[in-house]
1. What's the total number of residues in segment 67-94 that are open to solvent by less than 40 Å² (accessible area, probe 1.4 Å) and either of a type in the set (Ser, Thr, Tyr) or in a helix (DSSP H, G or I) (or both)?
2. Anything in segment 43-56 that is open to solvent by 80 Å² or more (accessible area, probe 1.4 Å) and assigned to a helix (DSSP H, G or I)? List them, or say none.
3. Kindly indicate whether Glu59 is charged (D, E, K, R), open to solvent by 50 Å² or more (accessible area, probe 1.4 Å) and more than 14 Å from the chain's Cα centre (by Cα).
4. Would segment 26-39 turn up any residue that is assigned to a helix (DSSP H, G or I), touching a helix residue (DSSP H, G or I) at 6+ places or on another chain (Cβ under 9 Å), of a type outside the set (Lys, Arg) and more than 15 Å from Thr2 (Cα to Cα)?
5. Could you please tell me which pairs satisfy a Cβ distance under 8 Å, a separation of 6+ or placement on different chains, a first residue in segment 36-64 that is within 18 Å of Cys12 (Cβ to Cβ), and a second residue that is part of a strand (DSSP E or B) and open to solvent by 20 Å² or more (accessible area, probe 1.4 Å)?
6. Give me a count of the residues in segment 95-107 that are out of contact with any Asp or Glu (no Cβ under 6 Å at 6 or more places or on another chain), part of a loop (DSSP other than H, G, I, E, B) and surrounded by 13 or more Cβ atoms within 10 Å (Cβ to Cβ).
Amino acid sequence: MTHVVLESCIRCRYTDCVDVCPVDCFREGPNMLVIDPDECIDCAVCIPECPVEAIKAEEDVPAGQESFVALNAELAKAWPSITRTKDPLPDAEQWKEVQEKLQYLER
């Protein structure tokens, strides 16, 4: 199994998870992070680091967000690796509680 970054990361892109990842499996997009399923070792150390609870084990992905499993795999092939914490997006606090953000995903 692998871990998956879900919709709540969109327009926030907190990177607290990146520093604790022992295998550098995170990839950075314009307004979201994803996890490369081929690199993730299922250690789960990233889960408690996310301030918007955007990371779940694949088997714990909530109903309605199953498409994020394939989306993480797809975007991980195109986006560059991120290995250090960066500042979140400037308006991350405003987007933190917003639901249904998939239409705002920038590829």
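1. In the first step, residues of segment 67-94 are kept if they are open to solvent by less than 40 Å² (accessible area, probe 1.4 Å); the result is 68, 71-73, 75-76, 79, 82, 89, 92.
Now drop any that are not either of a type in the set (Ser, Thr, Tyr) or in a helix (DSSP H, G or I) (or both), which leaves 68, 71-73, 75-76, 92.
Number of matching residues: 7.
2. Within segment 43-56, Pro48 is the sole residue that qualifies.
3. Against the criterion (charged (D, E, K, R), open to solvent by 50 Å² or more (accessible area, probe 1.4 Å) and more than 14 Å from the chain's Cα centre (by Cα)), Glu59 qualifies.
4. No - not one qualifying residue is present in segment 26-39.
5. Ile47/Lys56; Pro62/Lys56
6. 3
The values are calculated or read from the model by the stated rules, or taken from the named source; none is laboratory data. Since the structure is predicted, the reported quantities are computational estimates derived from the model, not experimental observations. Here Cβ is always computed from backbone atoms with ideal geometry, including for glycine, and neighbour counts include all displayed protein chains. In case anyone asks, the SASA skips ligands and DNA or RNA and just uses the protein heavy atoms, side chains included. Shrake-Rupley method; radii C 1.70, N 1.55, O 1.52, S 1.80 Å.
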